[in-house]
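J.: I have a structure I would like to understand better, so I am pasting it below and will then ask my questions one at a time.
Here, each number is a calculation from the coordinates, and none is a lab measurement. Source: prediction; values computed, not measured. No Cβ is skipped: glycine too gets one built from the backbone with ideal geometry, and neighbour counts run over all protein chains shown.
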Amino acid sequence: MLSGLLALPAGGLPKFIWLSAVFSVFNTVQCMVAPLGMTRRIYSQQPHQVTPLTSHVFAAWTALSAILRYQCAFNMNNEVLYDITFWSYVIAGSHFVSEIVVYKTSKIPGPVISTFCVAITSILWMIKDRDVYIH
């Protein structure tokens, strides 16, 4: 897995997206193996709403995100893949903002902050560096 890191395109963004993919894989496994663990911590304001089923659905979404991010990290010049990956971060960020602000299932400070920071950092960095990778 680490040898693949050397094959990434130049720049920090592909490495950041690759690392995000790796963490997404760990999150997917966690949601499948211990579905009520970390997921209930993320949605700490309404933990009773977290069930094994909701955690497994979250795992499926996160697995898809991991695949997109991994492929994008190695194919930064693929405009469609770049855009889909970008929008996956927008969806993830929007989800966590809505859970904090609208549905009040999460709170800051809390475990949700790291996921939110990754989404926001990715969105801003992908906007900033789009012209570097997409010609």
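J.: How far apart, in nm, are two points set 7 Å out from the Cα along the Cα-to-Cβ line at Val57 and at Phe23?
T.: Between Val57 and Phe23, the simple spin-label model gives 2.5 nm.
J.: Here's another thing I want to ask about it. Suppose R0 equals 35 Å. What FRET efficiency, 1/(1 + (r/R0)^6) with r the Cβ-Cβ distance, do Gln46 and Thr121 give to the nearest 0.05?
T.: That gives a FRET efficiency of 0.85.
J.: Cα axis of helix 79-101 to longest principal axis of the chain: angle in degrees, 0 to 90, nearest 10?
T.: With rounding to tens, the tilt is 30 degrees.
J.: Return one number: the angle in degrees, 0 to 90 and rounded to the nearest 10, between the long axis of the Cα atoms of helix 52-74 and the longest principal axis of the Cα atoms of the chain.
T.: Here the helix axis deviates by roughly 10 degrees.
J.: So, one more: Report, in degrees rounded to the nearest 10, the 0 to 90 angle that the Cα long axis of helix 112-133 makes with the longest principal axis of the chain.
T.: That works out to roughly 20 degrees.
J.: Right, another one. Using a Gaussian network model of the chain whose springs link C-alpha atoms within less than 10 Å, name the residue from Leu36, Leu19, Leu124 with the highest mean-square fluctuation.
T.: Judging by the Gaussian network model, the answer is Leu124.
J.: Sticking with this structure for a sec: Which order, highest average first, do 81-90, 101-110 follow once you tally other Cβ atoms within 10 Å for each residue and take the mean per peptide?
T.: Going from most to least packed, we get 81-90, 101-110.
J.: Follow-up. As a test of the formula, what do you get for the chain when each DSSP H run with n ≥ 4 contributes -39,500 (n - 2.57) and the sum is divided by the residue count, at 222 nm and rounded to the nearest 500 deg cm²/dmol?
T.: So the helix-based figure for the chain works out to -24500 deg cm²/dmol.
J.: Please arrange Cys117, Cys72 by counting, for each residue, the other beta carbons lying within 10 Å of its beta carbon, fewest first.
T.: Result, fewest neighbours first: Cys117, Cys72.
J.: Same structure, new question: Taking the Cα atoms of the range 22-126, report the difference between the largest and smallest coordinate on each principal axis, in whole Å and largest first.
T.: Sorted largest first, the three principal extents are 43, 28, 16 Å.
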